[in-house]
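J.: Quick one: this structure, given as structure tokens, is what I'll be asking you about.
The values are calculated or read from the model by the stated rules, or taken from the named source; none is laboratory data. No experiment lies behind these values; they were computed from the predicted model shown. Cβ sites come from the backbone with ideal geometry, for glycine too, and all protein chains shown count toward neighbours.
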Amino acid sequence: MKQSPPYVFLLLLIVTTHSLFSSTTASEDIRDSTGDKVLNNAPYHIGPVTTAKGGPIKLTDTINDKKICPLIVEQDPSADNIGGEFMFTLFGKREYLRTSSGLSIDSYSPTGECDESTYWTIPDAEGSAPSNLITTGGGFDQAITCFQVVEYSKPTSPSVHSYMLQHCPSFCGAGPSTCFNISIYIDNGVRRLSSTGATPFEFVFYKVTSTHDSM
Ligand SMILES: *[C@@H]1O[C@H](CO)[C@@H](O)[C@H](O)[C@H]1NC(C)=O
């Protein structure tokens, strides 16, 4: 075998490190259930890929017949309901939403008697329930309200773009440097979103049609 000139190895090294680097930081346009690009800073419904996996994500203002404030983010058991409207907003100005980029999520729904801020937050991602549940009540671009959307690694349907959510406090300047996968946590039979759990929650962006009421 002939000895390859040293620059071949150098080139190979550059190509390898480049692809390693971009595979962990690749940021791509996010697609909705119909394949269209998801707009940054615009309302969408989010829910599972199939109705077999329950209904859409919504807010609740009641636990055990008691009013709560801030509100809790949970999965509607019925796929017949339309769910809440949620606005994903990147920290940079962009027309379309992208994966692997820091963002805040605004519930954008009427809050009724609860006048806390409508941004999603996890008060203590490393704590135990209820402090690791997603609630409203945070501000824009704070460590406790810092999330990113990541492509779901093993999608249920190859033809549908599905995603998972991660809570990444360090993207907004503080807290643990790891990202926490957001999973379903079953809280007294109710499916809520939390930073605890083994299987990340797989979801799809659905367009909001003007005829639907939110929440
Ligand atoms: C987050 O979810 C991904 C995809 O399922 C998995 O590979 C990874 O190990 C999870 N991370 C943690 C910290 O559980």
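J.: Evaluate segment 169-182: report whether one residue or more is within 16 Å of the ligand (Cβ to nearest atom), part of a helix (DSSP H, G or I), surrounded by 15 or more Cβ atoms within 10 Å (Cβ to Cβ) and in contact (Cβ under 8 Å) with a residue 12 or more places away in the chain. Walk me through how you get there before you give the answer.
T.: Filtering segment 169-182 down to residues within 16 Å of the ligand (Cβ to nearest atom) leaves 169-171, 175-182.
From the residues that got through so far, the ones that are part of a helix (DSSP H, G or I) too are 169-171.
Restricting the remaining residues to those that are surrounded by 15 or more Cβ atoms within 10 Å (Cβ to Cβ) gives 169, 171.
This time we only want the ones that are in contact (Cβ under 8 Å) with a residue 12 or more places away in the chain, so: 169, 171.
Checked segment 169-182: at least one residue is within 16 Å of the ligand (Cβ to nearest atom), part of a helix (DSSP H, G or I), surrounded by 15 or more Cβ atoms within 10 Å (Cβ to Cβ) and in contact (Cβ under 8 Å) with a residue 12 or more places away in the chain.
J.: What do you reckon, is Ser159 touching a Phe, Trp or Tyr at 6+ places or on another chain (Cβ under 6 Å) and among the polar types (S, T, N, Q)?
T.: Working: touching a Phe, Trp or Tyr at 6+ places or on another chain (Cβ under 6 Å): no; among the polar types (S, T, N, Q): yes.
Taking the combined requirement at face value, the residue does not satisfy it.
J.: I want to confirm something. Restricting to segment 131-162 and keeping residues that are closer than 30 Å to Glu113 by Cβ and touching a Cys at 6+ places or on another chain (Cβ under 7 Å), which single residue is nearest to the ligand (Cβ to nearest atom)? First the steps, then the outcome.
T.: The first filter runs over segment 131-162 and keeps only residues closer than 30 Å to Glu113 by Cβ, leaving 131-147.
So of that shortlist, the ones also touching a Cys at 6+ places or on another chain (Cβ under 7 Å) come out as 141-143, 146-147.
Working: Asp141: 23, Gln142: 22, Ala143: 18, Cys146: 16, Phe147: 14 Å.
Going through the qualifying residues, I end up with Phe147.
J.: Regarding Val204, is this residue more than 16 Å from the ligand (Cβ to nearest atom), farther than 19 Å from Leu59 by Cβ and in contact with a Ser or Thr (Cβ under 9 Å, 6 or more places away or on another chain)?
T.: It is false that Val204 is more than 16 Å from the ligand (Cβ to nearest atom), farther than 19 Å from Leu59 by Cβ and in contact with a Ser or Thr (Cβ under 9 Å, 6 or more places away or on another chain).
J.: Would you be able to say whether some residue in segment 105-117 is closer than 18 Å to Val73 by Cβ, within 16 Å of the ligand (Cβ to nearest atom), among the hydroxyl-bearing types (Ser, Thr, Tyr) and modelled with pLDDT of 90 or more?
T.: Scanning segment 105-117, I find no residue that is closer than 18 Å to Val73 by Cβ, within 16 Å of the ligand (Cβ to nearest atom), among the hydroxyl-bearing types (Ser, Thr, Tyr) and modelled with pLDDT of 90 or more, so the answer is no.
J.: Please state which of the following conditions Ile186 fails to meet, knowing it meets all the rest: (1) near the ligand (Cβ under 10 Å from one of its atoms); (2) outside any loop (DSSP other than H, G, I, E, B).
T.: (1)
J.: Sticking with this one: Within 12 Å of the ligand (Cβ to nearest atom), crowded, with 21+ Cβ neighbours inside 10 Å and either more than 17 Å from the chain's Cα centre (by Cα) or in a strand (DSSP E or B) (or both): which single residue out of Leu193, Leu165 fits that description?
T.: Details: Leu193 fails: within 12 Å of the ligand (Cβ to nearest atom).
It is Leu165.
J.: Filter segment 79-92 for residues that are touching a residue at least 24 places away in the same chain (Cβ under 8 Å) and not in a strand (DSSP E or B); which is surrounded by the most Cβ atoms within 10 Å (Cβ to Cβ)? Even if it seems obvious, please write down each step before you answer.
T.: First, the residues of segment 79-92 that are touching a residue at least 24 places away in the same chain (Cβ under 8 Å): 79-91.
From what is left, the residues that are not in a strand (DSSP E or B) are 79-85, 91.
On the way: Ala79: 16, Asp80: 9, Asn81: 15, Ile82: 20, Gly83: 23, Gly84: 26, Glu85: 21, Phe91: 14.
The selected residue is Gly84.
J.: When Asp124 is evaluated against the numbered criteria (1) closer than 19 Å to Pro176 by Cβ; (2) of a type outside the set (Ser, Thr, Tyr); (3) modelled with pLDDT of 95 or more, which criterion, by number, is the only one it fails?
T.: It fails just one condition, (3).
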